[in-house]
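Data block below; observations after.
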Amino acid sequence: GLLGSSDFLGLNHYSSMVVSQPAEPKTFGGYWGNDMFVNIHDNPNWKTNCMGWNIAPEGMKDMLLWIDQRYNQNITIYITENGSCEDEPNVETARHDIKRQTYLEAYIQSVAEAIVEGGVKVGGYFAWSFMDNFEWQFGYQRRFGLYYVDFDTLERTPKQSALWYRDTIKMNGANIGK
């Protein structure tokens, strides 16, 4: 059977939302939120990035704990994508991407909490994205990369978050929260 047949689970996680039970049954209207038959809300206390997505690192921890409890298989989870889009109209702005660094640090801290407090088996964490690229909804207008890409010359420049992430890897996360 399929139970227990997975080697690992890959999780792409960027944001969280609050859900509640609707007062009346929902009908499917082509939107994934309707398919779940829940009301979807934002928490007004959460900050958002330039995509309008909620920044809620506790959602990462909650998701990891839920997966671990729901599938009760002690399965190894890889965070295959996690990152934030920031408004970076030029290379000088991009070099100082403190919001992205803060986002990554908070989300990695949440992963660590799920491991330490909940015993979740996390096999790896991959920041999205190594460099600015074509974003499926907004093309080259939105930037997720740790490296700024000048799309005219293709020159790549490391952002502050890239240097921080490099150091975080070297130190195995010992610099988080410092």
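The values are calculated or read from the model by the stated rules, or taken from the named source; none is laboratory data. Fair warning: this is a prediction, and the values are worked out from it, not measured in the lab. Here Cβ is always computed from backbone atoms with ideal geometry, including for glycine, and neighbour counts include all displayed protein chains. Accessible surface areas use protein heavy atoms only, side chains included; no ligands, DNA or RNA. Shrake-Rupley method; radii C 1.70, N 1.55, O 1.52, S 1.80 Å.
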Next item on the list: Pick out the one residue from R95, R70 that is over 23 Å from D7 (Cβ atoms) and among the basic types (K, R).
Entry: R95
Notebook entry, point to check: Looking at (1) under 21 Å from Y14 (Cβ atoms); (2) buried (at least 16 other Cβ atoms within 10 Å of the Cβ), which is the one condition that is false for I75?
Noted result: (1)
Notebook entry, point to check: Of the residues N12, N54, which is at pLDDT 90 or above and either loosely packed, with under 13 Cβ neighbours inside 10 Å or in contact with a His (Cβ under 6 Å, 6 or more places away or on another chain) (or both)?
Noted result: N12
Note to self: Condition (residue is part of a helix (DSSP H, G or I) and farther than 21 Å from I169 by Cβ) applied to segment 50-57: is it met by at least one residue?
What the structure shows: no
Checklist line | Single residue of R70, R100, R95, R156 found to be at pLDDT 95 or above, over 21 Å from N49 (Cα atoms) and basic (K, R) | finding: R156
Checklist line | Qualifying strands (runs of 3 or more DSSP E) (wholly inside segment 76-161; at least 1 residues being out of contact with any Leu (no Cβ under 9 Å at 6 or more places or on another chain)) | finding: 122-127, 147-149, 156-158
Item checked: Residues of segment 97-147 classified as of a type in the set (D, E, K, R) and open to solvent by less than 30 Å² (accessible area, probe 1.4 Å), total -> 5
